[in-house]
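The values are calculated or read from the model by the stated rules, or taken from the named source; none is laboratory data. Since we're looking at a predicted model, the values are computed, not measured. Glycine also receives a Cβ, built like all others from the backbone with ideal geometry; neighbour counts cover every protein chain displayed.
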Amino acid sequence: MVLNKRAAAVLAASLLAITCNAAIAAESISFVSWGGSTQDAQKQAWADPFSKASGIKVVQDGPTDYGKLKAMVESGNVQWDVVDVEADFALRAAAEGLLEPLDFKVIQRDKIDPRFVSDYGVGSFFFSFVLGYNEGKLGGKAPQDWTALFDTKTFPGKRALYKWPSPGVLELALLADGVPADKLYPLDLDRAFKKLDTIKKDIVWWGGGAQSQQLLASGEASLGQFWNGRIHALQEDGAPVGVSWKQNLVMADFLVIPKGSKNKEAAMRFLANSSSAKGQADFSNLTAYAPVNTDSVQRLDSVLAPNLPTAYAKDQITLDFAYWAKNGQTIATRWNEWLLK
């Protein structure tokens, strides 16, 4: 009888261990990003290695949708665990109580560039808006800075600009109009829109990276504002495009955890892995976007490194994410009204 009890106890313990191990193996988190080549690289550099090391499955979802994130949190039915968002939204969402505070006992904050970390978000990557141009359309002329966009005589053709009311377009217009970089904020909206008025009929708007590449590579736009990684990809494919890094405008994506995430602890571990020196370097080497971890630079591919924003820090202007978090919605109203005029 005693032996039977012992056997039963051993069996029960074994079953419990099996059940616990199964539960751990079955644990999963959802990762939401923008899709396309960027999310493919995030999966390869972050999600797959994380799953292999932890046994936690990372389910890909997307695209990022701010309205959907807010609705989930407000309803209490949060289906997302980690979301890639723009930096200004990360700050605004934190102020609105939509995000979980990060655990910096898990995430190594002191290794993250201070520009790209807050109490509620850690950088996914950073990139620059750069001046890109189609060499064939400009007859050998190489534009140097944002003033070229507004010089239609020297640099004829359509201008490709990012169509969303977010950091970038208004700033480059002010820089081209002579505003010093350290005097950009608060933005002089009247002056910025007046400058944009001078080329409005020559602008073709792009809303996504693939569209921007098509506009430039085809020559439909002679020059414009582009994400640096997209220009690099075109050059890798042999497209006749050039780039100027002067006054490159730094923007970033952040990784955040929606408030009420059902897998908060696992999500924290995922953020720690993604923001690590290796995770950031691996992603950068796949995309030509820059790492937020300061220890990643030494891990970058030596051929790729000259094509990253980290190589052009002296020519860099970091956009004011906090200003946009506070004023972005008001600016968006004016922006949309201006587009319709």
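The table for this structure:
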| read-out | value |
| --- | --- |
| Single condition Val303 does not satisfy, out of (1) touching a residue at least 12 places away in the same chain (Cβ under 8 Å); (2) not in a strand (DSSP E or B) | (1) |
| Positions within segment 99-115 being touching a residue at least 12 places away in the same chain (Cβ under 8 Å), more than 15 Å from Ser274 (Cα to Cα) and either surrounded by fewer than 23 Cβ atoms within 10 Å (Cβ to Cβ) or not assigned by TED's automatic domain parsing to the domain that holds Gln39 (or both), in sequence order | Glu100, Pro101, Arg115 |
| Criterion violated by Ser261 - all others in (1) buried (at least 17 other Cβ atoms within 10 Å of the Cβ); (2) in the same structural domain as Leu170 (by TED's automatic domain parsing); (3) over 20 Å from Phe125 (Cα atoms); (4) in contact with an Asp or Glu (Cβ under 8 Å, 6 or more places away or on another chain) satisfied | (2) |
| Qualifying residues in segment 266-300 (those that are of a type in the set (A, V, I, L, M) and assigned to a loop (DSSP other than H, G, I, E, B)) - the one modelled with the highest pLDDT | Val292 |
| Lone qualifier among Asp315, Asp295 - being under 30 Å from Pro186 (Cβ atoms), of a type in the set (D, E, K, R) and surrounded by 14 or more Cβ atoms within 10 Å (Cβ to Cβ) | Asp315 |
| Of residues in segment 116-147 being small (Gly, Ala, Ser) and over 30 Å from Ser276 (Cα atoms), the one nearest to the chain's Cα centre (by Cα) | Gly132 |
| Spans of strands (runs of 3 or more DSSP E) in segment 108-212 with at least 1 residues among the aromatic types (Phe, Trp, Tyr) and farther than 18 Å from Asp253 by Cα | 122-134, 203-206 |
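Let's see how each residue does on (1) under 23 Å from Val179 (Cα atoms); (2) in the same structural domain as Leu69 (by TED's automatic domain parsing):
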residue	(1), (2)
Ser222	no, no
Ala239	no, no
Ala272	no, yes
Lys278	no, yes
Ser284	no, yes
Thr287	no, yes
Thr294	no, yes
Leu319	yes, no
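This table checks each residue for (1) farther than 21 Å from Ile107 by Cβ; (2) of a type in the set (S, T, N, Q).
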{"residue": "Gly242", "(1), (2)": "yes, no"}
{"residue": "Gly260", "(1), (2)": "no, no"}
{"residue": "Met268", "(1), (2)": "no, no"}
{"residue": "Thr318", "(1), (2)": "yes, yes"}
